[in-house]
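K.L.:
Please find one structure pasted underneath; my questions will follow.
Nothing in this text is a laboratory measurement; each read-out follows from the coordinates by a stated rule. All of these numbers come straight from a predicted model, not from anything done at the bench. Glycine gets a Cβ as well: all are built from the backbone with ideal geometry, and neighbour counts include every protein chain shown.
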Amino acid sequence: MSDPLKVPKALQPIFTEVSQHIEEFCRKNLNDEYCQMARELAAKLCRKRPSPLLKGKPEQWACACVYVIGSINFLHDKTQTPHLPLKQVCELFGIGKSTATAKARIIEDSLNISQLDPRWTLPSKLLDNPLVWILQVDGFMVDIRNAPAELQEEAFRLGLIPFVPERK
């Protein structure tokens, strides 16, 4: 597997600056898991041709990365820990909500990201994301979490699920 934080040399300075803003924000307001996922998103944007990070300020892109990861993982939901309204994410970054949502839309469109996207779900929330676990078996949609352990093992062996839920 390739390094999810690997970026082209030409974009390394931009990634470093975006990443620093993400790390500072997450250290103060969120956690390491959000930091890692938002940095991976920024790195993925750096590898996109052409990279959208070439237009705009690094702090705007940092805010948008956290905003997208927060949205996918329901950061705004009061029952979640950590919890932070997305409007407050923008305020704490010092970025206008319209700017942040515009950049977030660019990210979502360019990387084909949707709500509950398993690729961008925090590892601690994977078990709760139904899109990770719904598989087609003999033409029927099945929640593999409710399947026998042998089927879960086979789905894991085939790379269809990130881990065997029965073991968690």
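K.L.:
For each cysteine in the chain, check whether another cysteine's C-beta sits under 4.7 Å from its C-beta; list those where none does.
P.N.:
Unpaired cysteines in the chain: C46, C63, C65, C90.
K.L.:
Set the Förster radius R0 to 25 Å, insert the Cβ-Cβ distance between N29 and D3 as r into 1/(1 + (r/R0)^6), and round the FRET efficiency to 0.05.
P.N.:
FRET efficiency, N29 to D3: 0.45.
K.L.:
For helix 58-72, what angle does its Cα long axis make with the longest principal axis of the chain, in degrees from 0 to 90 and rounded to 10?
P.N.:
20
K.L.:
I've got another one for you. Could you give the Stokes-Einstein D for the stretch 9-116 in µm² per second, using the C-alpha Kirkwood radius, 25 °C, 0.890 mPa s? Numbers along the way, then the final one.
P.N.:
Numbers: Rh = 13.5 Å.
Estimated diffusion coefficient is 182 µm²/s.
K.L.:
Measure up K9/K78; K55/K87; K103/K125; K55/K78; K44/K125 against 31 Å on the Cα-Cα distance and list the ones that go over.
P.N.:
K9/K78; K55/K78
K.L.:
While we're here: Using helices alone, what [θ] at 222 nm do you get for the chain, with -39,500 (n - 2.57) per DSSP H run of 4 or more residues, divided over all residues and rounded to the nearest 500? Can you show the working numbers first?
P.N.:
Values: 7 runs with 84 residues, N = 168.
Value at 222 nm, helices only: -15500 deg cm²/dmol.
K.L.:
Add +1 for every Lys or Arg and -1 for every Asp or Glu among the other residues with Cβ under 13 Å from the Cβ of L84, and state the total. The partial results should precede the final answer.
P.N.:
On the way: positive: K28, K78, K87; negative: D77, E91.
Result for the local shell: +1.
K.L.:
With everything on Cα atoms, drop me the angle between helix 97-110 and the longest principal axis of the chain, reported from 0 to 90° to the nearest 10.
P.N.:
50
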